[in-house]
1. Checking the structure you have, find out if any residue of the range 65-84 is out of contact with any helix residue (DSSP H, G or I) (no Cβ under 9 Å at 6 or more places or on another chain), closer than 28 Å to Ala176 by Cα and of a type outside the set (A, V, I, L, M, F, W, C).
2. Would you tally the residues in the range 130-162 being within 12 Å of the ligand (Cβ to nearest atom), of a type outside the set (Ser, Thr, Tyr) and outside any strand (DSSP E or B)?
3. Please go through the range 48-58 and pick out each residue that is open to solvent by 30 Å² or more (accessible area, probe 1.4 Å) and either touching a helix residue (DSSP H, G or I) at 6+ places or on another chain (Cβ under 8 Å) or part of a loop (DSSP other than H, G, I, E, B) (or both).
4. What number of residues within the range 96-107 are in contact (Cβ under 8 Å) with a residue 12 or more places away in the chain and either under 20 Å from Glu50 (Cβ atoms) or more than 11 Å from the ligand (Cβ to nearest atom) (or both)?
5. So, in the range 26-46, exactly how many residues are open to solvent by less than 30 Å² (accessible area, probe 1.4 Å), over 20 Å from His184 (Cα atoms) and not in a loop (DSSP other than H, G, I, E, B)?
6. Identify the residue in the range 1-25 that is open to solvent by 80 Å² or more (accessible area, probe 1.4 Å) and more than 16 Å from the ligand (Cβ to nearest atom) and, among all such residues, is farthest from the chain's Cα centre (by Cα).
7. Look through Ala176, Ala137, Ala116, Ala141 and report the one residue that is within 19 Å of Leu83 (Cα to Cα), open to solvent by less than 50 Å² (accessible area, probe 1.4 Å) and aliphatic (A, V, I, L, M).
8. Mind checking which residues of the range 59-86 are open to solvent by 30 Å² or more (accessible area, probe 1.4 Å) and within 11 Å of the ligand (Cβ to nearest atom)?
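The values are calculated or read from the model by the stated rules, or taken from the named source; none is laboratory data. Everything numeric in this text was worked out from a predicted model, so none of it was measured. With ideal geometry, Cβ positions are generated from the backbone for all residues, glycine too; neighbour counts draw on all protein chains shown. Surface areas here come from the heavy atoms of the whole protein model, side chains and all, with no ligands, DNA or RNA. Shrake-Rupley method; radii C 1.70, N 1.55, O 1.52, S 1.80 Å.
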Amino acid sequence: MTIRILFATRSAGKQREIRELAAGLPYEFVFPDDAGIFEQPEEENLENAETFEGNARRKAEFFARRSGLPTVAEDSGLEVLALGGAPGVRSKRFAGATHDVDTANNTELLRRLHGAAPLRRKARYRCVMVWIEHAGAAPRAFEGATDGVILEAPVGTGGFGYDPLFFSDEVGKTFAEAEPAEKHAVSHRGRAFQQFTAWLAGHPVGAGVR
Ligand code: IMP
């Protein structure tokens, strides 16, 4: 019996990672387009909360209502010491670009950190996943974080987003140089997902069973 769960993200980078993280688990994660939930203008306003958890919860509630499926959503981002925790919840919109968003954000990050001493370049990726079994059910949050340093130039071609600039303390290379499994073992998303699926294993889903 496979449990069908909506993973409410339209980000190609996140979808790839969730497919990798979910391999071998007894759940079938589907993404909005696969479930016939096409993008709507209101989605623009779902990420207006001031916290990762607030944003993830708004996304989970919206997509649980629209899909009728058990739903998990996540919000994630990068907090940099020298920038007082920015870009944080605004990581995706940091440079305000509408195309080549990752390149524009990385350029903006390097510009803002120009001349910052290595100790001030410490950074943390954070991820909060929020699970809602059905519309109206109580949400449940799971968190993951991972520490590193922002380099002065990008290194590596894997991953997505800020990964070429994020030198992981635990892996000893950037997340863009790391193999997917190396990143997942320590990443904010890998850790939040691990917490979530460990909890789910002890709380069987009633709806969505096929
Ligand atoms: P959101 O959660 O959809 O608001 O977007 C999170 C943003 O944070 C992404 O667009 C990336 O810029 C950044 N981000 C989150 N997780 C990662 C990651 O694992 N690697 C690189 N960038 C990330």
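1. The first filter runs over the range 65-84 and keeps only residues out of contact with any helix residue (DSSP H, G or I) (no Cβ under 9 Å at 6 or more places or on another chain), leaving 65-68, 84.
After this cut, where a residue has to be closer than 28 Å to Ala176 by Cα as well, the list is 84.
Adding the requirement that they be of a type outside the set (A, V, I, L, M, F, W, C) leaves 84.
Checked the range 65-84: at least one residue is out of contact with any helix residue (DSSP H, G or I) (no Cβ under 9 Å at 6 or more places or on another chain), closer than 28 Å to Ala176 by Cα and of a type outside the set (A, V, I, L, M, F, W, C).
2. So the answer is 6.
3. Our first condition is that a residue be open to solvent by 30 Å² or more (accessible area, probe 1.4 Å); within the range 48-58, this holds for 48, 50-51, 53, 57-58.
The answer is Asn48, Glu50, Thr51, Arg58.
4. Start the filter on the range 96-107 by keeping residues that are in contact (Cβ under 8 Å) with a residue 12 or more places away in the chain, which leaves 102, 105-107.
Restricting the remaining residues to those that are either under 20 Å from Glu50 (Cβ atoms) or more than 11 Å from the ligand (Cβ to nearest atom) (or both) gives 105, 107.
Total meeting the criteria: 2.
5. Residues flagged as open to solvent by less than 30 Å² (accessible area, probe 1.4 Å), over 20 Å from His184 (Cα atoms) and not in a loop (DSSP other than H, G, I, E, B) within the range 26-46 amount to 2.
6. Applying the first criterion (open to solvent by 80 Å² or more (accessible area, probe 1.4 Å)) to the range 1-25 yields 1, 16, 19, 24.
Remaining after also requiring more than 16 Å from the ligand (Cβ to nearest atom): 1, 24.
On the way: Met1: 28, Gly24: 20 Å.
If we take residues in the range 1-25 being open to solvent by 80 Å² or more (accessible area, probe 1.4 Å) and more than 16 Å from the ligand (Cβ to nearest atom), then Met1 is farthest from the chain's Cα centre (by Cα).
7. Values: Ala176 fails: within 19 Å of Leu83 (Cα to Cα); Ala137 fails: within 19 Å of Leu83 (Cα to Cα); Ala141 fails: within 19 Å of Leu83 (Cα to Cα).
Only one candidate qualifies: Ala116.
8. The answer is Glu79, and nothing else.
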